[in-house]
Amino acid sequence: MPLLTRDIVGGLVAGGASCRMDAEVAPKFKAGDKVATLNINPASHTRLPRYVRGKHGTITHDHGVFAFPDSSAESGTHSDPQHVYSVRFEGEELWGKDANANACLYIDMFDSYLEAAES
């Protein structure tokens, strides 16, 4: 894929471009697994939101393999295919004990952002 420039974005969006990859990559997690997000602060690009760094959640779905945007932003190539998971975070985990008891948030996250949570 060429470097993403302003003049090609409209065509990619209109055509339904996807970063899904047909690559054989073993998943690290499955639905129901407890995970923790890494607490990282890279100097370069990341799609890991600050408010979930170091937090615990549960894998609810594996979306398949996609190009890892952190690597793609640096190299301009899709050289690091990874699984993307939907992770459920409880409101209290993210916002503390004053969070609404029914609050939760689902965030799609790459393998590189996650590790198995300690039991």
Search the range 96-107 for residues that are in contact (Cβ under 8 Å) with a residue 40 or more places away in the chain and pair each with any residue that is open to solvent by 50 Å² or more (accessible area, probe 1.4 Å) and of a type in the set (S, T, N, Q) when their beta-carbon atoms are under 7 Å apart and the residues are at least 6 apart or on different chains.
Y106/T60
For residues that are surrounded by 15 or more Cβ atoms within 10 Å (Cβ to Cβ), touching a strand residue (DSSP E or B) at 6+ places or on another chain (Cβ under 8 Å) and of a type in the set (S, T, N, Q), tally how many sit in the range 21-65.
2
Which condition from (1) closer than 14 Å to E93 by Cβ; (2) touching a residue at least 40 places away in the same chain (Cβ under 8 Å); (3) of a type in the set (S, T, N, Q) is the one that T58 breaks?
(2)
When the range 99-119 is checked residue by residue, the ones that are farther than 11 Å from T37 by Cα and polar (S, T, N, Q) are N100, N102, S119
Given R20, R50, which one is at pLDDT below 75 and closer than 25 Å to A116 by Cα?
R20
Does the range 98-112 include one or more residues that are in contact with a His (Cβ under 9 Å, 6 or more places away or on another chain), at pLDDT 95 or above and over 30 Å from T5 (Cβ atoms)?
yes
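The values are calculated or read from the model by the stated rules, or taken from the named source; none is laboratory data. Values in this document were obtained by computation on a predicted structure and should not be read as measured data. All Cβ positions, even for glycine, are placed from backbone atoms using ideal geometry, and neighbour counts span all protein chains on display. Please note that ligands, DNA and RNA were not included when accessible areas were found on the heavy atoms of the full protein model with its side chains. Shrake-Rupley method; radii C 1.70, N 1.55, O 1.52, S 1.80 Å.
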